[in-house]
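Remarks on the structure that follows.
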Amino acid sequence: MMENILNDNIRAIRWQNNALELLDQRLLPARAEYLRLEHVNDVADAIRDMVVRGAPAIGITAAYGVVIAASARYQQSATSWKQDILDDIHTLAQARPTAVNLFWALDHMKQLFDQIKGDPTKILLDEASDIHRKDIEANHTMGQYGAALIDKSCAVLTHCNTGSLATGGFGTALGVIRQAYKNGNIKQVFADETRPWLQGSRLTAWELSQDRIPVSLIVEGAAAHLLKQGEIGWVIVGADRIAANGDVANKIGTYGLAILARHHNVKFMVAAPTTTIDMAMTSGEKITIEQRPGAEILSFGGQSIYENNMENEGICAWNPAFDITPYSLIDALVTEKGAIVQPTHEKLVALMKND
Ligand code: MRU
């Protein structure tokens, strides 16, 4: 079975025949269908509506969105496109608030505008492709760093989806897991189902099964009981934004897992590229947490849980998509520039200076 490991064939994002194609993650694993996007508003909608999700994947998608916008704006006006495109960049930035990779990618693309004379399409497309390629490279590098920390064979628990689908390819936390499995140090992966979008059941389990890595799904409520069994060596998660003090915003439920891990003496690892680190954000408490529509948890499997709409019954929903894990609960923060054990502000500053 080992020969299939690290094949990494799944791609959530591709550029084909002058358009962006996104694997519609809302349909997985039942159907693998790509949506073709030729207008920047459709790109913003795809991010908001979860066609594409996962912090690095959102950033890469936004970079291609800038290419689409620039090409259209230049055709409308060769003289004012640099001004006109600011509306499109604003639209993309409004799509989701928590993952900093979105804002990082938009800023990165915008910085090129000054040096562009004439049609911007090629230079911006080259840059977006470069962001995409470098993300895959970073994932492989952090996979090595993270796997090196797992020095004896154990089971691991992961949350949400941090694999090829959530990134340019290979994955952050799931990249570490893929690499550590290849090294022979992971016996079994437990994956939280991750309500309400089921990124764990629909995406993580699917990705791991493609690689033939043994995976068992659990409901989030089973995590404490699982950790008590003593089989889990590491909880390994990704991040949507890491503040300068080491606090981590990630999928709702991550904070609870970090508390449980500390209580049960299980190590807690966060794997993310440096594009997810926001040194301008002094602490996690200042990160905007996305609130998603209550309807996402007032139904199950497309069916309203009550016969009458729950909101009509006076039942409301509070649906934060992310939470903040304080740095003090994190044993290792793994990036493509290296791994930090017990992250602090000083260690993050030093890491960001590495080339
Ligand atoms: O709401 P999602 O599916 O975009 O949330 C994704 C996560 O929380 C991931 O853990 C995070 O983006 C890291 S992905 C490499």
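The values are calculated or read from the model by the stated rules, or taken from the named source; none is laboratory data. Quantities reported herein were computed from a predicted structural model and do not represent experimental measurements. Note that we place each Cβ from the backbone using ideal geometry, even for glycine, and neighbour counts take in every protein chain shown.
Within the stretch 65-78, does at least one residue satisfy the condition of being of a type outside the set (Val, Ile, Thr), outside any strand (DSSP E or B), surrounded by 14 or more Cβ atoms within 10 Å (Cβ to Cβ) and within 22 Å of the chain's Cα centre (by Cα)?
Taking every residue of the stretch 65-78 in turn, at least one turns out to be of a type outside the set (Val, Ile, Thr), outside any strand (DSSP E or B), surrounded by 14 or more Cβ atoms within 10 Å (Cβ to Cβ) and within 22 Å of the chain's Cα centre (by Cα).
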Based on what the data block shows, is residue 149 in the same structural domain as residue 77 (by TED's automatic domain parsing) and either at pLDDT 95 or above or farther than 23 Å from residue 62 by Cβ (or both)? no
Kindly state which strands (runs of 3 or more DSSP E) lie completely within the stretch 183-285 and contain at least 2 residues that are away from the ligand (no atom under 12 Å from the Cβ) and crowded, with 16+ Cβ neighbours inside 10 Å. 186-192, 215-218, 232-237, 267-271
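Listed here are the residues, each with its yes/no results for (1) in contact with an Asp or Glu (Cβ under 9 Å, 6 or more places away or on another chain); (2) away from the ligand (no atom under 16 Å from the Cβ); (3) closer than 23 Å to residue 173 by Cα.
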position	(1), (2), (3)
67	yes, yes, no
83	no, yes, no
95	yes, no, no
108	yes, yes, no
126	no, yes, no
Those residues of the stretch 10-25 which are in a loop (DSSP other than H, G, I, E, B) and either not assigned by TED's automatic domain parsing to the domain that holds residue 38 or not β-branched (Val, Ile, Thr) (or both), in sequence order: 11, 12, 17, 18, 24, 25
How do the pairs read when you match residues in the stretch 46-60 that are without any contact (Cβ under 8 Å) to a residue 40 or more places away in the chain and farther than 19 Å from residue 19 by Cα with residues anywhere that are more than 9 Å from the ligand (Cβ to nearest atom) and part of a helix (DSSP H, G or I), using Cβ under 9 Å and keeping only pairs 6 or more apart or on different chains? none
Of all residues in the stretch 147-177, which are touching a Pro at 6+ places or on another chain (Cβ under 8 Å) and either part of a loop (DSSP other than H, G, I, E, B) or more than 12 Å from the ligand (Cβ to nearest atom) (or both)? 167, 168, 172
Considering each of 305, 324 in turn, give the residue that is in contact with a strand residue (DSSP E or B) (Cβ under 9 Å, 6 or more places away or on another chain), free of Cβ contacts under 8 Å to residues at least 12 places away in the same chain, of a type outside the set (S, T, N, Q) and assigned by TED's automatic domain parsing to the domain that holds residue 192. 305
Selection from the stretch 310-347 of residues among the β-branched types (Val, Ile, Thr) and not in a loop (DSSP other than H, G, I, E, B) yields 324, 325, 334, 335, 340, 341
In the list 48, 53, 26, which residue meets the criterion of being under 23 Å from residue 287 (Cβ atoms), surrounded by fewer than 23 Cβ atoms within 10 Å (Cβ to Cβ), within 13 Å of the ligand (Cβ to nearest atom) and among the basic types (Lys, Arg)? 48
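State all residues of the stretch 83-108 that are farther than 17 Å from residue 278 by Cα and of a type in the set (A, V, I, L, M, F, W, C); if no residue qualifies, say none.
Correct list: 85, 86, 89, 92, 95.
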Checklist (1) surrounded by fewer than 18 Cβ atoms within 10 Å (Cβ to Cβ); (2) more than 25 Å from residue 290 (Cα to Cα) applied to residue 8, failing item: (1)
Can you tell me which residue is farthest from the chain's Cα centre (by Cα) among those in the stretch 26-64 that are in a helix (DSSP H, G or I) and among the β-branched types (Val, Ile, Thr)? 40
I need the full set of residues from the stretch 110-158 which are in contact with a strand residue (DSSP E or B) (Cβ under 9 Å, 6 or more places away or on another chain), farther than 29 Å from residue 252 by Cβ and crowded, with 18+ Cβ neighbours inside 10 Å, in order please. 125, 128
